[in-house]
Amino acid sequence: MENKKMIYEEKEIHPANGWAMLFLTVLLYLAAFAVLIYGGFLLELSDGGNPLGGILLGVGIVWLILGWIPFMGLKVMRPNEALVLTLFGKYIGTLKKEGFFFVNPFSSAVAPRSGAVVNINPVAGTSATQMQMYPAKLSLKTMTHDNGHQKINDLSGNPIEVGIMVTWRVVNTAKAVFNVDNFRTFLSIQADSTLRDVARCYPYDSTDSDEKTLRGSSTEVSERLKQLLQERVEVAGLEIIEARITHLAYAQEIAAAMLQRQQATAIIEARQKIVDGAVGMVEMALEKLSESKVCELDEERKAQMVSNLLVVLCGNKDAQPIVNSGSIY
C-alpha cells in the first residue's frame, strides 16, 4: 500500500463579531436571573403546584451554570497574529484578522510544541540546551534567526568559522503547526545544514579573480543560501526573506598560517606590478633616446642602462646616484 503524507494547507475563517456575542451572552445572563426570580415567584404563589415555575427555575439554574461557555469563544487578535483552531482534533481554520471575534467555544488553539534551543559558544567549545515554550498565537511578523558560529571546511578543505543570519516569516500557519513538530527548531537545523552544504562549494579566498569565493562573492553566496533554504523549509510554511553570512574567518588553528600566505601572495602580486611597470618605463626610455638621437649606445651600454634602471625602479630603497665626470669608456 502506498504511504501518503498528509500535507495541510491553510484555510482562513471569518468568525462572528465578538462584541455582538458578548452583548448577547450578558443579556442572556440577565434574562436567566429574571427567569430564575420569576420562576421562584410562581412556585411561591402556587405553593409548588405550578409546573411553569419549576421549568423556568430549572432553565435559569442551567443557564447560570453553563452560561460561561460562550465566553470561551471570545478571542482578541492583534495585528500580525494568527490562531490555528481545531475542533475535536480536526483542523477547522486559521483566524488571522485583527479585532475582537467569537469562534466555536469548543475549538482549541494549537501551538508548536516546546522546543530545545541549543546555544553554542564556538570560542569555549561548549553548548547549553534550554527548553522554550511558545504561545498559542503564532506571530506573522518578520523575524531574524542567528545560529551563532560553526566550524566548516571550505572547498579547499580549510577549516573556517561561519555564521549565518536568516530573515524569515510564517506564511502558511497550517503547515507550520501540523507538518513539522516545531517550525523554529526545524528552521534552525535546516539553516545549519544549508550553510554547511553551500560553504563546501566555495573556497574562502582565491588568487583567481574570476573564481567565486565566500569572501568575495557575498551576493551570490547569499542568494544561493536563500534559494536552497527556501526549498527545505517550504514544507513548514515559512518564507525566507534573506539569508546572509554575518561572520567569516579562518579557524584559530590555521589563522596564523593563512595570514602568512595572504601576506606572501600580496607581496608577489605587488612585485609583479612593479616589474611590469619598470619594464615599460625602460622600454619608453630607450625609445625616447633613440628617437631624439641624444646619444648612440651600443648593446653592452644598453644592457648596462637597462640593468641600472631596473635596479632603481624595483629596489625597496632609494638609489644613491653616482655622477661620472669622466668618459664612460
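Table for the structure above
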item	result
Above-threshold pairs, the threshold being 21 Å between Cα atoms, out of K75/K137; K90/K141; K96/K226; K137/K226; K137/K175; K11/K75	K90/K141; K96/K226; K137/K226
Percent carbon-and-sulfur accessible area, the stretch 165-211, ignoring ligands, DNA and RNA, probe 1.4 Å	43
Surface per residue (accessible, 1.4 Å probe) for the stretch 195-251, Å²	51
Part-to-part distance (alpha-carbon centres) for the stretch 192-235 and the stretch 138-181, which is given in Å	14
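The values are calculated or read from the model by the stated rules, or taken from the named source; none is laboratory data. Since the model is a prediction, treat every value here as computed from it, not as a measurement. Heavy atoms of the whole protein, side chains included, go into the accessibility calculation; ligands, DNA and RNA do not. Shrake-Rupley method; radii C 1.70, N 1.55, O 1.52, S 1.80 Å.
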